[in-house]
Each structure stands twice: as structure tokens, then as C-alpha cells.
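The values are calculated or read from the model by the stated rules, or taken from the named source; none is laboratory data. Nothing here was measured: the structure is a model prediction, and the numbers come from that model. With ideal geometry, Cβ positions are generated from the backbone for all residues, glycine too; neighbour counts draw on all protein chains shown. With ligands, DNA and RNA removed, areas are computed over all heavy atoms of the protein, side chains included. Shrake-Rupley method; radii C 1.70, N 1.55, O 1.52, S 1.80 Å.
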Amino acid sequence: MAIPQVPDDVSKLDLAAVRAGYLKLANRDMRRLRKDALSRPDPYSAAEYRQLHDLERIWRDLPSEDHPLFLGHLRTAVAELTVFDRVLDRLWGTPSLASDTHRPVNNAEFAIIKSAVDVVDSVAAQVASGSCDQLIAEIFLLGGDSAAGFLKFVKENYFSVIQSLRRLLDETMKTTGSAAERRGFMIDPGLPANMPTLATGSGPGCFIRVRPAAMEGDRVTLAASLAHEGSHTVAGPGHTIDFLYKNSGAHYRLIAPLAVRNAANYEQLTSSSLQKEPSPEAYTPDPVGLAVDLIRTKVTRAWVQAGDLRKFRHEITPTAREKQIALNEGVPQARLDETDNKVMRRRQLATMLNALLAQVGQELADALFVDLYDGLSHHMDTIFKKKITLSTDRGLQVVVDGRPLGDPLPAWPNTLEDLVRHIVARLAEWQVVDGRISDAVPQVGFIDTIRRFEEVEFGDLLALYSTSLGRKYQRVNKPAVGPL
């Protein structure tokens, strides 16, 4: 997560945007260093404090972009900050997935993956036989007149999952062994500990990476994870996305239209078909729980989209002539439309981050996208691992693991969306203070408008989910809020 070097040639870049981008990242890193200086058990030496103060002065005195010495001062400031790279690397911990670390599978690894796919195949047989119908109804929250249609969808989709996993096995056997290949199954030691497998794409051309440690555990866990990722790779209208993950337990509460398109529900179906699973905890809607459920969904979608768009470095749509050439070469129109849509979404997010390639260059744009992605990764840890509550003693105060965040509200917001917006803003401000992100505004805006960055179908499903939770928010009892 080191700050990038200033390019040699900046003649085509917007220097005002370049200056703003570097200042954002530098201020983030200096906040982190200051916090470290105050909290570490072995205090900074006088020389280290002087070095930190000099660093802050250099960035504080950075001249405007139209000053003749601007670039020289900027390069000096970046060089001074990189002196602290080792300290910052220690503070940031495990780096985000910024580079490819995958390799081909060996024979022993292929055998383990194949045995896990065989386990998924055994579940597919149970699903097809009808013996899992009641379990499906419970996991996917099926009921009413639409239950039969959704049950049929899940059963057909699970069959598509095993077909896709089998196809990936076949493609793995056909690989040449080159690390540059992206097909079938691959081994990736760079995947985080909480990510045993990771799919990229759907339909032809998709692939799944497997973390080595995932193959050392039991086959049920690996099979369930492959069912999750395999549901992402299904071609056509059945492919899933991640509205909510299994570890939150909130996937049990997704309404059926979302549940049948949520990968964690297929993961749950797989594990529950193979072993006794704890029953879902009894749930009574309350305003905090409803807000946390919606935040988890929005942040999950923002995290996924940010991870996808940061690696898609295209912000100009192909010309009509380039599209026609692609069509003549057999590229489907749907693929071209998908690319146009992705270019538009990348440009929208880059504009929010002040990270347009044409204005700031690739290295700085990449750093600003990684800043967003890593901030959202921290959000994911917070919303799934920490306890978020609202104190009502003196105003409505956001509290995370007993730590009050930001200024309280005088009363409950009128809508659930307004409450979610307030909590997300307090979480983002906390990240800024801790030096985890450079700026709260883009992150909050991205999460708030995440529907704009989804496929139309999934954006509509998000709206449906938000509306359904919003109705519950209007009905539930809310504790009295004490005066500020």
C-alpha cells in the first residue's frame, strides 16, 4: 500500500488532480504514523520524531501545482514518505490482493479439488431427487404462491453449479502448466485466510483460485466453498452475486428473490445437506438489526465492486469501428454491452475518487482504488466481526465494541436508509482518524449509491431488499432517545 512514485512524464496529466491525489494518500499515511508514535510500546526516538515532523512539514508546505518547483518538491516529499514504508507495511498488515500469485495445480492438489467437486455432485443428486426440498425452503425462505417457482429455480441452478465445476475440472486437465494461464482451477497462496476459494467471471473464460490451506481441511468445508464460488460461474441468468456471506447468519433472512441469487445460500445448502448445522438464531426485527443487515449487504456489494473495478483499467469505450471488428470476429454483442457498462461504472467510481487515468496516471489511480478497497475490507471486518449498537442515553450514538463514534443524532431518522447513511459515515470517519483511508466522502458516497454500480437486475433486487427492510423499520418499536 506504499505511495507510488511520481511518473517521469506528467505532461499529459492534470497536475491539480495529481497533487490532490498524493496529498490524500500522504495525509492518510501520516495520520497512521502519528497514531503509531503515540501508541507503540517502544516510543519513537528523538531522531525518529524529528524525521516525522520534517515529513509533515514537507507535505504541509507542498507548493501549488502551478509553481515552477512543484514537481521537484512532490518527488522529494514522496521520497521522504517512502522512508517509512517498512513501518507502514507493518501497520497495514497483510497487503490486499494487488498482484497475481496464482500457479497451476499439481496432481495431488487436483485430486483433492476433484474429490470436493464429487461431494458437491452428491449434493446435486440429493437436490434433484427432491429429498432436500424442505431444507431448500428453509434456507431460501420460500413461501406463498411463489414458492414452487423459486424451488424449481434453485434446483435447476444447483445442477448448473455442478456442471460448471465439472467443466472447470476438464479445463484444468487441459492446461499447459503455464502460470500465465487463467482457466479451470488454480492454486493461489495470496488469497486471504477468510477466502478459501475465489471465482472470477461467469460462463466460458471463468476460473476459480483455491487457497492451499483450504485443501488441508475437511472436504465438506471445501465443497461448500466451491459450491459458493461455482454458483458465481454459472452462465446466463442463474449466476449469483454476494449480497451477504454465510458467516453473518443474515443470509437466512434474505427474501426469496435475493436468496436464490445469493451465493452463500448455495454454500449453506451444501453444508447443511452433508452435516448437521446449527439452527438459525431466533430473530426479532429491531432498528439496529435492520440497519446492520442493510449495511452488511451494501458494504459487501461495494467491496466486491471496488475489487472488480480497480483491476479494470479501461475508462474509454471502444469506437463503433472497433466494436464492428469485434462482432465480425465473433465477439457476442452481449459481451460488448457488458464492457461498455463496466467502462461507465469504472469512470463513475474513478471520478468519485479523483482517480481518472487520463488525469492522474495509472500508478496513482491504482493507489487511490486500493485505498478505497482496503478501507472497504476494514469495513467488512467491522460489520461482520464487531458489535455495532446504538446508545440512546444522550442522543442516538453509534457504538462499535463499546467505542462511541462521532456526534450523536437528536432522534431516530425517519427512514432506514437515513439511519444506514449516518452509521456508515461514522464508521468511515473512524477509518480516517485511524489513518486507514484517505477520505471518508468517496467511500460513503460509493456505498450509498452502490445500486448504480450493479447490473440492472441486481440493482433492482437491492432496491427491493432495502424497501422490504425499510417497511419493517417503520413498524418496529424504537427506544426513546434521551436529550443531548
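State which residue pairs qualify: first residue within 25 Å of Thr240 (Cα to Cα) and touching a residue at least 24 places away in the same chain (Cβ under 8 Å) and inside the range 437-458, second residue open to solvent by less than 30 Å² (accessible area, probe 1.4 Å) and part of a loop (DSSP other than H, G, I, E, B) in any location, beta carbons under 8 Å apart, and separation of 6 or more residues or different chains.
What qualifies is Gln443/Ile437; Phe458/Arg261.
State which residue is farthest from the chain's Cα centre (by Cα) when the search covers only the range 1-30 and only residues that are closer than 18 Å to Arg86 by Cβ and in a helix (DSSP H, G or I).
Here the residue is Met30.
Return yes or no: is Glu417 at negative phi and touching a strand residue (DSSP E or B) at 6+ places or on another chain (Cβ under 9 Å)?
Here the answer is no, as Glu417 does not meet what is asked.
Can you find, within the range 260-280, the residue that is most open to solvent (accessible area, probe 1.4 Å) among those that are within 25 Å of Lys387 (Cβ to Cβ) and touching a Phe, Trp or Tyr at 6+ places or on another chain (Cβ under 9 Å)?
Pro280
Taking helices (runs of 4 or more DSSP H) that fall entirely within the range 42-134, which contain at least 2 residues that are modelled with pLDDT of 85 or more, over 30 Å from Thr175 (Cα atoms) and open to solvent by 50 Å² or more (accessible area, probe 1.4 Å)?
46-60, 70-82, 107-129
I'd like the full set of residues that are open to solvent by 50 Å² or more (accessible area, probe 1.4 Å) and over 12 Å from Ser64 (Cα atoms), limited to the range 12-28. I'd like the intermediate steps shown before the answer.
Of all residues in the range 12-28, those open to solvent by 50 Å² or more (accessible area, probe 1.4 Å) come to 12, 14, 19, 27.
Matches in the range 12-28: Lys12, Asp14, Asn27.
With the checklist (1) assigned to a loop (DSSP other than H, G, I, E, B); (2) within 30 Å of Pro4 (Cα to Cα); (3) among the β-branched types (Val, Ile, Thr) in hand, flag the one item Thr351 doesn't pass.
For Thr351, the exception is condition (1).
Please state which of the following conditions Asp170 fails to meet, knowing it meets all the rest: (1) out of contact with any His (no Cβ under 8 Å at 6 or more places or on another chain); (2) within 21 Å of Gly238 (Cα to Cα).
Condition (2) is where Asp170 drops out.
Look at the range 433-461 and say how many of its residues are buried (at least 18 other Cβ atoms within 10 Å of the Cβ), outside any helix (DSSP H, G or I) and not basic (Lys, Arg).
5
Quick check, is Ile383 assigned to a helix (DSSP H, G or I) and either in contact with a Lys or Arg (Cβ under 7 Å, 6 or more places away or on another chain) or of a type outside the set (A, V, I, L, M, F, W, C) (or both)?
Answer is yes for this residue.
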